[in-house]
Amino acid sequence: MSVIAITGTMGSGKSTIAQALSQQFSCAVLCEDEFNPAFSRSAQDVATWWQQGGDVQQFDFTLLVEAVERATANSELVLLETHFGRQHGQLRPLIDLQLWLDVPFDIAFVRKAGQLCRQFAAGEPQDAVAALQWMADFCDAWLNVTRPMFTWQKSVIGGQSDERINAEPSVAKVLQQMRHLLPQAA
Amino acid sequence: MDEYRPTLRLPKRVVLLGNDVFAWIASSMLLSRFGPLGIRITVCPGGQSAPSRAFTTTPAFGRFLKNLGVDEHDMLRACQGTYCLASQFSDWAHEGRDFWQPIGQFPHRLLGQELFDVWLSERKAGRLLRPLHSYSAHWTASLARKCPQAFGGESAFQDSGEYGYHGDLSGLRDWLRQLAMANGVEAVEGPIDRVFPNGRGGIAQVKLQSGQAVPGDFFVDLRPGESEDTEQRVMTVRQPGVRQVPVFTRCVATESGWVTVTPLADQTEYRLIYPAALTTDEAAQQQLRHVIRSSVASQTDEMAQVQIEGCGRPAGIDWRDNVVTVGAVTDRLETFSGTAMHLHHAAIERLVSLFPNRRVGRATRTEFCQRTQQMLQQNDEFCQVHWRLAAQRPSAWGQWLSERTGDDGLLAVYDQAGLISPRDPQTPPAWQYQSLLAAAGRLPQRPQLSTATLPPAETGRLLRELVKHNEALVADLPLHEEMLDWIHSRPFPESQAG
């Protein structure tokens, strides 16, 4: 049983790659966001956390750890989509292989903006207002929060990864780069 | 017969020629051995100070401090010092891949086997994705940014002494100088004007430009070799430090060289080494800027003052009559930080160990030179294995490196069965080769036969337990920056109570 952490900035394609991998492998996929709602609450929450020192350890991942342990008991391979990876003390011992999806910040930003716009187009009016507000906060925070945080993530989380994958090209090409790192059984 | 005919008695006055930290380390080592016998130790600078740069040490330096009976915190305070538990290598084997070399051995054997053999067996069976270095407590502590020292309590790292330091070389030099002189080492100031031979191929005395004569009956020349015929250049820049000080050195391969990133208490030093024939200084500066920009340390394009030096090939070890020349040991380009200081220690220790024996003759001198030279060559072999990994990169630098690395003979047995032949005790042991090669993806063709009977479920369980054990080992240690706050802040005021 192995746990592969897929890390990267917002908009780097973690979810897309995890989904594509799950179609190739018989594996469980877990997403840190589902256990750590701070990042899905508001851009302001993220800014406040970052300005207070950005302490990763303050997030309690006990439920995520339990979920990973359950998943590893039932599956030979678990994919963990995560912002913090080995930087978080609770996750570090669980992660066997950590991959960093490397994309230039402008591409990550545009991908995120595109995703929010699509949500905006498809959502109910009240959701749309919330999504639009999220987008505005995200843009406002770019210089002082988001970009420094991306830089930190790239340096620290990327630096703790076993392999940094160029995630700029198509999904197929990204998977091609990962092939030699993954288990043989497809 | 020569072995039994002494040409050198126990010296009365030892003169060290050199101006940098290595001369002061050697003076303290010689003093601790010769001081009680009433032998005078004199340091004669004889040249300009080398520009200051950051250093990294191996555990040997901690043992040296312990032998001197000094507090490591005093040393760290004097040189912007920080702790070091590992080296991280980025982009060496190919771009995007990182691997780690912990300072200190993987202490674990599992099921009666070496950890490497167990790991390899599991890896080859397709049951393991986790890299070998991730079973090291040093790696765990590096990622958790934990200090190897505990506040008052004990720590596994403290007990074993398996950690090193980073610091500023000129700060360390001044501190060691002060320490040595307080203990009785003499120092004379000023450049050397003339060296007077003793008629047997050695030195009778040196005369300074001030007119002062410094006689001696034994001389140790620690001055680095001339660096006019430069093949490689070194570009150094310091940037403001970061709050969360890494507890490891980082070594990043670039298009045409490598950058060593050394964290000091208040600054971070970036040091690019590049072949002068391949890269202009302007292009090198761009590469250095790129590495700095990609780190958290700097959010600015402003480059602090850049310092460029040349570095030549170090000269050989020599011992003629009463003069030992070991500057070659210190004048080396390191991919593995701390190597030069480690080799310097080993050479001086080897030299000092000869002296209770009063029969130091030609045979002893030849043996010392040969053994020390061999130690340097074996370290170079290890360095070349590292270069060979970088030579895989499709670049002019890769080509340049491949032209300078020897054949793969050393690794032939490793490639077959994971074994590395025994080395000099002062050179990297087998596990360091295994760790380096495995991390870079070069695995032996097959695991040891003795691992074939390992029960997979039990092996997997024990490997997972090992990871948890390492986490528990570092859990209660303070953060590196917390310890640095303690060390580098002013002393706490004395209690007013009572």
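The values are calculated or read from the model by the stated rules, or taken from the named source; none is laboratory data. Just so you know, these numbers come straight off a predicted model, no measurement behind them. Cβ placement follows ideal geometry from the backbone for every residue including glycine, while neighbour counts extend to all protein chains displayed.
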Hand me the list of helices (runs of 4 or more DSSP H) wholly inside region B:64-162 holding 1 or more residues that are without any contact (Cβ under 8 Å) to a residue 12 or more places away in the chain. B:137-144, B:156-160
Being in a strand (DSSP E or B) and within 12 Å of chain B (Cβ to nearest Cβ) narrows it down to one residue among A:GLN98, A:GLN90; which is it? A:GLN98
Kindly establish whether A:LEU80 is more than 12 Å from chain B (Cβ to nearest Cβ), in a strand (DSSP E or B) and of a type in the set (A, V, I, L, M, F, W, C). yes
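Could you tell me which of the residues B:PRO429, B:PRO425, B:PRO447 is in contact (Cβ under 8 Å) with a residue 12 or more places away in the chain and either exposed (fewer than 13 other Cβ atoms within 10 Å of the Cβ) or under 21 Å from B:LEU376 (Cα atoms) (or both)?
Only one candidate passes the filter, namely B:PRO429.
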Which numbered condition A:ILE165 misses (of (1) part of a helix (DSSP H, G or I); (2) within 13 Å of another protein chain (Cβ to nearest Cβ); (3) within 30 Å of A:SER26 (Cβ to Cβ); (4) at pLDDT 90 or above): (1)
Tally of residues being surrounded by 14 or more Cβ atoms within 10 Å (Cβ to Cβ), touching a residue at least 60 places away in the same chain (Cβ under 8 Å) and closer than 17 Å to A:GLN153 by Cβ across region A:40-69: 5
Can you tell me which residues in region B:94-136 are farther than 20 Å from A:ILE95 by Cβ and within 14 Å of another protein chain (Cβ to nearest Cβ)? B:HIS94, B:GLU95, B:LYS124, B:ALA125
Residues satisfying the stated conditions in region A:108-118, i.e. of a type outside the set (Gly, Ala, Ser) and more than 15 Å from the chain's Cα centre (by Cα): A:VAL110, A:LEU116, A:CYS117, A:ARG118
For B:GLU282, all conditions in the list (1) more than 27 Å from B:CYS79 (Cβ to Cβ); (2) of a type outside the set (Gly, Ala, Ser); (3) assigned to a strand (DSSP E or B) hold save one; what is the number of the exception? (3)
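From B:ASP415, B:ASP424, B:ASP380, which residue is outside any helix (DSSP H, G or I) and among the acidic types (Asp, Glu)?
B:ASP424
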If we scan region B:383-404, do we find a residue that is out of contact with any His (no Cβ under 7 Å at 6 or more places or on another chain), exposed (fewer than 15 other Cβ atoms within 10 Å of the Cβ) and farther than 29 Å from B:THR279 by Cβ? no
Region B:145-162, subset at positive phi and modelled with pLDDT of 90 or more, residue nearest to the other protein chains (Cβ to nearest Cβ): B:ARG145
Within region B:118-139, residues of a type in the set (D, E, K, R) and in contact with a Leu (Cβ under 9 Å, 6 or more places away or on another chain) come out as B:GLU122, B:ARG123, B:LYS124, B:ARG130
Within region A:20-55, which residues are part of a helix (DSSP H, G or I), under 16 Å from the mean Cα position of the chain (by Cα) and at pLDDT below 90? A:ASP33, A:GLU34, A:PHE35, A:ALA38, A:PHE39, A:SER40, A:ARG41, A:ALA43, A:VAL46
I'd like the residue in region B:410-444 that is at pLDDT 80 or above and among the polar types (S, T, N, Q) and, out of all such residues, is farthest from B:GLY96 (Cα to Cα). B:GLN416
Report the residue count in region A:124-143 for those that are part of a helix (DSSP H, G or I) and either aliphatic (A, V, I, L, M) or at pLDDT below 75 (or both). 11
Which count do you get for residues in region B:433-456 that are in a helix (DSSP H, G or I), touching a strand residue (DSSP E or B) at 6+ places or on another chain (Cβ under 7 Å) and under 22 Å from B:ARG97 (Cβ atoms)? 3
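Please work out if A:VAL103 is surrounded by fewer than 18 Cβ atoms within 10 Å (Cβ to Cβ) and β-branched (Val, Ile, Thr).
No; evaluated as a whole, the condition is false for this residue.
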Sort through B:SER142, B:SER90 and tell me the only one that's more than 21 Å from A:GLY89 (Cα to Cα), modelled with pLDDT of 90 or more and within 14 Å of another protein chain (Cβ to nearest Cβ). B:SER90
Does B:LEU477 meet the test of being within 14 Å of chain A (Cβ to nearest Cβ) and either in a loop (DSSP other than H, G, I, E, B) or surrounded by 18 or more Cβ atoms within 10 Å (Cβ to Cβ) (or both)? yes
Looking at region B:286-299 only, could you name the residues that are more than 14 Å from chain A (Cβ to nearest Cβ) and either more than 18 Å from B:SER395 (Cα to Cα) or at pLDDT below 80 (or both)? B:ARG289
Residue set B:ARG200, B:ARG177; condition of a type in the set (Lys, Arg) and at pLDDT 90 or above; output residue B:ARG177
Within region A:128-162, restricting to residues that are surrounded by 16 or more Cβ atoms within 10 Å (Cβ to Cβ), facing chain B (nearest Cβ under 10 Å) and in contact with a Phe, Trp or Tyr (Cβ under 7 Å, 6 or more places away or on another chain), the one that is farthest from A:LYS112 (Cα to Cα) is A:SER161
For A:VAL174, the lone unmet condition from (1) in contact with a strand residue (DSSP E or B) (Cβ under 8 Å, 6 or more places away or on another chain); (2) more than 10 Å from chain B (Cβ to nearest Cβ); (3) at pLDDT below 85 is (3)
Does A:SER12 meet the test of being surrounded by fewer than 19 Cβ atoms within 10 Å (Cβ to Cβ) and either touching a residue at least 40 places away in the same chain (Cβ under 8 Å) or more than 13 Å from every other protein chain (Cβ to nearest Cβ) (or both)? no
(1) of a type in the set (A, V, I, L, M, F, W, C); (2) touching a Ser or Thr at 6+ places or on another chain (Cβ under 9 Å); (3) at pLDDT below 95: which one isn't true of A:ALA121, the others all being true? (2)
